[in-house]
Ligand code: G3H
Ligand code: 13P
Ligand code: ZN
């Protein structure tokens, strides 16, 4: 099995009423935790690399680790660039063997956004790589860019047909109330995604795969663990899992999750080190962190995405 694009995954997911998990990866333990879960569940999976992750690990290591995961699991895995912001970055990832890239030009004017997305699409498609674009702006933090709630905007369904036709993108990320990071909704409010926007978008783009960013649910078990063992994360609240399950039954084919993995890893490491103050072997705390990432991803695959058994 080699790296695959998400084209066939999305076609099956759209028709089957489930979604593929797109999990952010930064190191070996995270890749192992995710792919061991996917293997046990026989689930297709997308591993995504942000520009920050690529800078952290350098451009070679993550690609090689993902290739190792394919060899170990025999699963169809798509390697995706998350939030590419320039043509050069997207091109570099295509040249490195990524099978999918996101061009995130949503901060530009509509015409510039279309032009850049189209330019990336032409290069990527010519090399057998698919392209995700984004319309609408999510609140929250991605890399070093912090978008405040006031500057975020829901996707306008009346724009999507023209945008998809003129850019030729292969999937579209939309803003329906999710946001990046661990602080998505105000404490005491009732989180509610805008299913009316999702339904109107998919009515205008029948059969077209939709992507949700910012879809961590912020498990309170790990927030409490972090708070109990020296951290401080008051008011960390995520997207309700039942709403993500509902979205994956509709046109949403890719659901992005990063913060939940970070919480699982950090909570586990904090607890372990607090309980074993004399321990200094990284394998002793990274091992349990990897195991908890695996259990979390299995939970997502079975209870949120519905893609178990679909590899
Ligand atoms: O949407 C952003 C992802 O969570 C990646 O985060 O840019 O800090 O690697 P990062
Ligand atoms: P979370 O911060 O909700 O995990 O979102 C991750 C994401 O959208 C990566 O692109
Ligand atoms: Zn994102």
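The values are calculated or read from the model by the stated rules, or taken from the named source; none is laboratory data. On a predicted model such as this, the values are computed, not experimentally measured, just so you know. Every residue, glycine among them, receives a Cβ derived from its backbone with ideal geometry; neighbour counts consider all protein chains shown.
Just one of the listed residues (304, 239, 201) is under 12 Å from residue 21 (Cβ atoms), surrounded by 20 or more Cβ atoms within 10 Å (Cβ to Cβ) and at pLDDT 95 or above, and it is 304.
One residue stands out in the range 120-147 among those that are in a strand (DSSP E or B), at pLDDT below 95 and touching a helix residue (DSSP H, G or I) at 6+ places or on another chain (Cβ under 9 Å): the one that is farthest from residue 166 (Cα to Cα), namely 140.
Per-residue answers, yes or no, for (1) in a helix (DSSP H, G or I); (2) within 24 Å of residue 213 (Cα to Cα); (3) modelled with pLDDT under 95; (4) in contact with a strand residue (DSSP E or B) (Cβ under 7 Å, 6 or more places away or on another chain):
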residue	(1), (2), (3), (4)
62	yes, yes, no, yes
70	yes, no, no, yes
75	no, yes, no, yes
79	no, yes, no, yes
83	no, yes, no, yes
88	yes, yes, no, no
101	no, yes, no, yes
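Scanning the range 48-60 turns up at least one residue that is in contact (Cβ under 8 Å) with a residue 12 or more places away in the chain, in a strand (DSSP E or B), touching a helix residue (DSSP H, G or I) at 6+ places or on another chain (Cβ under 8 Å) and buried (at least 24 other Cβ atoms within 10 Å of the Cβ).
Would you check if there is a residue in the range 80-90 being more than 22 Å from residue 123 (Cβ to Cβ) and more than 16 Å from ligand 2 (Cβ to nearest atom)? For the range 80-90, residues more than 22 Å from residue 123 (Cβ to Cβ) and more than 16 Å from ligand 2 (Cβ to nearest atom): absent. If the condition is being more than 21 Å from residue 171 (Cα to Cα) and either within 13 Å of ligand 1 (Cβ to nearest atom) or surrounded by fewer than 16 Cβ atoms within 10 Å (Cβ to Cβ) (or both), then the range 242-264 contributes 242, 259, 260, 261, 262, 263. Taking residue 40 as the residue in question, decide whether it is more than 16 Å from the chain's Cα centre (by Cα), more than 16 Å from ligand 3 (Cβ to nearest atom), modelled with pLDDT of 95 or more and closer than 19 Å to residue 92 by Cβ. Answer is no for this residue.
Among the criteria (1) free of Cβ contacts under 8 Å to residues at least 24 places away in the same chain; (2) crowded, with 19+ Cβ neighbours inside 10 Å, the one residue 275 does not fulfil is (2).
Residues are listed down the side, and each one gets a yes or a no for (1) within 16 Å of ligand 2 (Cβ to nearest atom); (2) free of Cβ contacts under 8 Å to residues at least 24 places away in the same chain; (3) under 30 Å from residue 203 (Cβ atoms):
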position	(1), (2), (3)
222	yes, no, no
237	yes, no, no
250	no, no, yes
270	no, no, no
282	no, yes, no
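Highlighted here are the helices (runs of 4 or more DSSP H) found entirely within the range 192-304 that include at least 1 residues which are closer than 30 Å to residue 8 by Cβ: 195-204, 241-249, 259-275, 282-299. Pairing residues of the range 293-311 that are at negative phi and without any contact (Cβ under 8 Å) to a residue 12 or more places away in the chain with residues that are surrounded by 19 or more Cβ atoms within 10 Å (Cβ to Cβ) and in a helix (DSSP H, G or I), at Cβ distances under 9 Å and at least 6 apart in sequence or on separate chains, gives 299/37.
Considering the range 106-118, and only residues there that are more than 23 Å from the chain's Cα centre (by Cα) and outside any loop (DSSP other than H, G, I, E, B), the residue that is nearest to residue 79 (Cα to Cα) turns out to be 115. Residue 53 meets each of the listed conditions (1) under 20 Å from residue 306 (Cβ atoms); (2) touching a strand residue (DSSP E or B) at 6+ places or on another chain (Cβ under 8 Å) apart from (1).
Residues in the range 178-193 that are closer than 24 Å to residue 24 by Cβ and either away from ligand 1 (no atom under 16 Å from the Cβ) or at pLDDT below 95 (or both): 185, 191, 193. Residue count for the range 157-181 under the criterion of being over 17 Å from residue 211 (Cα atoms) and crowded, with 22+ Cβ neighbours inside 10 Å: the result is 0.
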